[in-house]
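S.K.: Structure provided below as structure tokens; questions to follow.
The values are calculated or read from the model by the stated rules, or taken from the named source; none is laboratory data. Here the structure is a predicted model, which is why all the values come from computation and not from measurement. No Cβ is skipped: glycine too gets one built from the backbone with ideal geometry, and neighbour counts run over all protein chains shown. Keep in mind that these areas ignore ligands, DNA and RNA; they rest on the heavy atoms of the full protein, side chains included. Shrake-Rupley method; radii C 1.70, N 1.55, O 1.52, S 1.80 Å.
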Amino acid sequence: VQLQASGGGLVQAGGSLRLSCAASGSIFSINGMGWYRQAPGNERELVATVTRDGRTNYIDSVKGRFTISRDNAKNTVYLQMDSLKPEDTAVYFCAIGQRGKEYWGKGTQVTVSS
């Protein structure tokens, strides 16, 4: 299973970005999908998750600003990030769960300037 993330970049505070992560390879039935992030000097933290039937969960710091969604037909998870803040600057990673295993994509850099 391979995960390809895209959509990161440099944006000013208050701006928006949309991350995408497409899974390919031996895809059978993906359970949870999620986004994590890691800022310099910090541990990796869970940002948002979405279950196969669309239930979502967010860390408090992004509630009301970020929206996670998925397209099961395309094996893709998205993260719409609005009202971005400098503290959202980090490398963002996508992850999926399938048949008891976790798979991770390479990160994509998000930089928010003040």
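S.K.: Under 7 Å by Cβ, and 6 or more places apart or on different chains, what pairs join a residue from the range 78-93 that is under 11 Å from SER16 (Cα atoms) with one that is open to solvent by 40 Å² or more (accessible area, probe 1.4 Å) and among the aliphatic types (A, V, I, L, M)?
M.R.: Matching pairs, first to second residue: LEU84/ALA13; LYS85/ALA13.
S.K.: Might you check whether a residue that is under 16 Å from GLY8 (Cα atoms), open to solvent by 70 Å² or more (accessible area, probe 1.4 Å) and not small (Gly, Ala, Ser) occurs anywhere in the range 18-25?
M.R.: The answer is yes; a qualifying residue exists.
S.K.: In the range 56-74, what residues are of a type in the set (D, E, K, R), under 26 Å from VAL1 (Cα atoms) and assigned to a loop (DSSP other than H, G, I, E, B)?
M.R.: Passing the criteria: only LYS74.
S.K.: Kindly evaluate TYR92 against the criterion of being under 20 Å from SER6 (Cβ atoms), among the aromatic types (Phe, Trp, Tyr) and touching a Lys or Arg at 6+ places or on another chain (Cβ under 6 Å).
M.R.: Taking the combined requirement at face value, the residue satisfies it.
S.K.: Please determine whether any residue of the range 29-46 is at pLDDT below 95 and either of a type in the set (A, V, I, L, M, F, W, C) or within 11 Å of the chain's Cα centre (by Cα) (or both).
M.R.: yes
S.K.: Now for a separate question. Report the residue count in the range 41-55 for those that are open to solvent by less than 70 Å² (accessible area, probe 1.4 Å) and either not polar (S, T, N, Q) or not in a loop (DSSP other than H, G, I, E, B) (or both).
M.R.: Number satisfying all stated conditions: 6.
S.K.: Among the residues of the range 2-17, write down those that are in contact with a Gly (Cβ under 8 Å, 6 or more places away or on another chain), closer than 17 Å to ASP71 by Cα and surrounded by 14 or more Cβ atoms within 10 Å (Cβ to Cβ).
M.R.: Once the filter is applied, which keeps residues that are in contact with a Gly (Cβ under 8 Å, 6 or more places away or on another chain), closer than 17 Å to ASP71 by Cα and surrounded by 14 or more Cβ atoms within 10 Å (Cβ to Cβ), the range 2-17 yields LEU3, GLN4, ALA5.
S.K.: Would you check which residues across the range 60-69 are in contact with a strand residue (DSSP E or B) (Cβ under 6 Å, 6 or more places away or on another chain) and either open to solvent by 40 Å² or more (accessible area, probe 1.4 Å) or in contact (Cβ under 8 Å) with a residue 60 or more places away in the chain (or both) and list them?
M.R.: Result: THR67, SER69.
S.K.: Tell me, which strands (runs of 3 or more DSSP E) wholly within the range 75-114 include 1 or more residues that are in contact with a strand residue (DSSP E or B) (Cβ under 6 Å, 6 or more places away or on another chain) and among the small types (Gly, Ala, Ser)?
M.R.: Values: elements: 76-81, 90-98, 101-104, 108-113.
Ranges flagged: 90-98, 108-113.
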